[in-house]
Amino acid sequence: MTHPLRRPIGLAVVLALALMLVVANPRAAQAHDSCVIAPPTSMLVKVVAAVNVFSSLLSTEAPDCPDKFAEVEPILERDFVVDNTTSPADRADPDSQAPTFAPCVRGMAADLFPCDGIDMLAYVSHAELGTTRANDIWGWTDPATRKDYALVGATNGTVFVDITQARRPVVLGILPTASTVGGSTWRDIKVYEDHAFVVSEHTDHGVQVFDLTRLRDWDGTYTEYDMDAHYIGHGSAHNININTDTGFAYSVGAGPHSAQGLPNLVTIDAPSATAGSYQANDAAFGPAASEAGLSGSVVLTDDATGATADACQPLVGFPAGAIAIADRGSCNFTIKAANAQAAGAVALIVANNAPGGGTISMGGSDPSITIPAVMVSLEDGAVIKAGLPATGSVSTNPDAPSCGTGLHMIDINDPVDPQFGGCFDGNGYVHDTQCVVYDGPDADFQGHEICFNSNGLAYSTNPAANLFSIVDVTDKDNPETLSVLGYSGSGYSHQGWLTEDQAWFMHGDEGDEQLNGLNTTTRVWDVSDLRNPVHTDTYTNATTSIDHNLYTEGDLMYQSNYTTGLRITDVSDPASGLEEVAYFDVYPDNDNATFEGGTWSNYPYFRQKGVVAVSSIDRGLFILKPRIPGVE
């Protein structure tokens, strides 16, 4: 259902960017989420050589990544009115009134939000939260007081909201972000042993740890809290999952912390005025740099066309055996590397073009590239170029972390003393994961700790770029991939959750609606055999929005689908199909397959049965309650 437009539709979001293809090891923010995506403009090769074996394909990644959320227009104050004073009890006792309670009546709540079978218990605006844009959400029930709290992620931190009286929530305060540089759009929160663990794609953010029992002592004013511990074994991270049975957290899509260093070094030799070592990021294509390194003259590229130092055309007058340095922009990273290699370069240095943007792990796939490629920051690139001519080398950084962007394991059994626990990067970038002590039907792995991963390597219709993988992490020193599969109709392997019996995995793809012109789609995987999962069904409902985070509770799946809101689906018998049973659309403007607003995530696990907290990117926090038998 839709509501008449309340603001312009961001068509630029649909048209802005050429398709990225295979990114084997991207830094989280650059990997997908900061990039607007659009349908491909040419036919893509789709090759799957065999199950678990994928062919490398030519990359079509774009050199720059516009913010896909650029069209979001936050609504800071409540822009609707509810009439909940019509009952005799309300008129007699104004203190009992719930100022934003709006039941779903004849398909609408508050005369604004399309709905079916879900009431709005309360709404908390951005102005009340102290935020301007929301993202993830999680929850906590205090075991001592039995109070329920919503933990609302935002660009500027994590907001704590007491929803024990669900029709009259109370905002307590905020844990500010640990960093304000870099990817501010993303924050993720999970809870273990009464402590919140918070990651962000902000540079050098690490994992914030906050003792939630401190909320018991709230003084009645909006409070700015400090964290109780800070893990800096990584810097940015896209997401975090916690296995509460083992006390291990799994950060995914993580980038390095500056205290540890980037994976590579560019060294400029004396007597250059800029002699010294400069940290550099890596690339998904070509060989990795070696510890011994590659040495030679460092030469600025010249392709005699346009911005001559971008290496987007064949190089002119380049000396074979030298190290090429080129500017980012104008063409794919793989094209720069191919042109440098064709001219005889032994390595490529790319200087970033974003002031203060640090570096990124360069995406792309081209099996013909045989030279290492690394990226330095704009600022370091300018210094290096100012000191040319010079000799130098490209090598690995022996002090850099080695977890890549896969599973970064953290032992949090002592919540305020988190310790590095291991890592696994065997299947490339992990966008999201669910790690459990397995108790499903596969007897071979019962009692093992298993992670079910959504490996979104690139926005692409190529199955090799979007994977579903299952990894046994029981032995943190020797994790084992049990299976890794691509799937047809892919766009971006995003996130998923197991059913209660752990026999099925509900899987969301964030790119298939745009890239393939589909209605909102959820894939169903039979994971009763962990070494041979089977994609058994593709559930497509009547809506057109992009799906985002989903969770299961009992026989129901709670799915946050951007512009069509919270959708609740019956997953009691996945073998026979899924069926939507209720919805509440928090974005009444339209149902477009865009990122212009709507719900990011939801949390359906409170003590109060049936209460669901829903985060809205543009509006803030909704407290909802479905009217479904067995849930009320």
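Listed values, structure above:
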quantity	calculated
Antiparallel DSSP beta bridges within the stretch 223-371, percent to nearest 5	55
Against the rule of thumb 2.2 N^0.38 Å, how large the Cα Rg of the stretch 307-427 comes out	1.29
Convex hull (Cα only) mean projected area of the stretch 458-589, reported in nm² to one decimal	8.4
Per principal axis, descending, Cα span of the stretch 250-331 in whole Å	47, 33, 23
Test item: Cα-centred dipole of the chain, Lys/Arg +1 and Asp/Glu -1 on Cβ, debye	1160
Centroid-to-centroid separation of the stretch 560-622 and the stretch 168-212 [C-alpha atoms, Å]	22
Rounded to whole Hz, the Karplus (6.51, -1.76, 1.60) HN-Hα couplings of the stretch 251-260, x for glycine and proline	7, 10, x, 8, x, x, 8, 4, 5, 9
Distant-in-sequence amide H partners of I546 (H built 1.01 Å from N, under 5 Å)	T563, T594
Using θ = phi - 60° and Karplus 6.51 cos²θ - 1.76 cosθ + 1.60, couplings along the stretch 359-371 (whole Hz; Gly, Pro as x)	10, 10, 7, 6, x, x, 8, 8, x, 7, 6, 10, 10
Whole-Hz couplings from phi, Karplus 6.51/-1.76/1.60, listed for the stretch 215-228; x for Gly and Pro	5, 5, 9, 4, 9, x, 10, 4, 10, 9, 8, 10, 7, 9
Accessible area in square angstrom per residue, the stretch 372-527, 1.4 angstrom probe	28
For the chain, calculated [θ]222 nm from helices alone, where every DSSP H run of n ≥ 4 adds -39500 (n - 2.57)	-1500 deg cm²/dmol
Between the stretch 286-360 and the stretch 421-493, the alpha-carbon center distance in angstrom	34
Nonlocal amide H pairs with Y225, under 5 Å, H built at 1.01 Å	I174, L175
Amide proton proximity set for G296, modelled H, under 5 Å, gap of 5+	G392
Given charges at Cβ of Lys, Arg, Asp, Glu: the chain dipole, positive-most of V612, N397, T141	N397
Convex hull volume of the chain per residue (C-alpha atoms, cubic angstrom)	150
Range of Cα positions in the stretch 265-304 per principal axis (Å), largest first	32, 32, 16
Rule-of-thumb Rg ratio for the stretch 530-632 [Cα; 2.2 N^0.38 Å; N residues]	1.09
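The values are calculated or read from the model by the stated rules, or taken from the named source; none is laboratory data. No experiment lies behind these values; they were computed from the predicted model shown. Note: ideal-geometry Cβ built from the backbone for every residue, glycine included; neighbour counts use all protein chains shown. Calculation scope for accessible area: heavy atoms of the full protein, side chains included, ligands and nucleic acids excluded. Shrake-Rupley method; radii C 1.70, N 1.55, O 1.52, S 1.80 Å.
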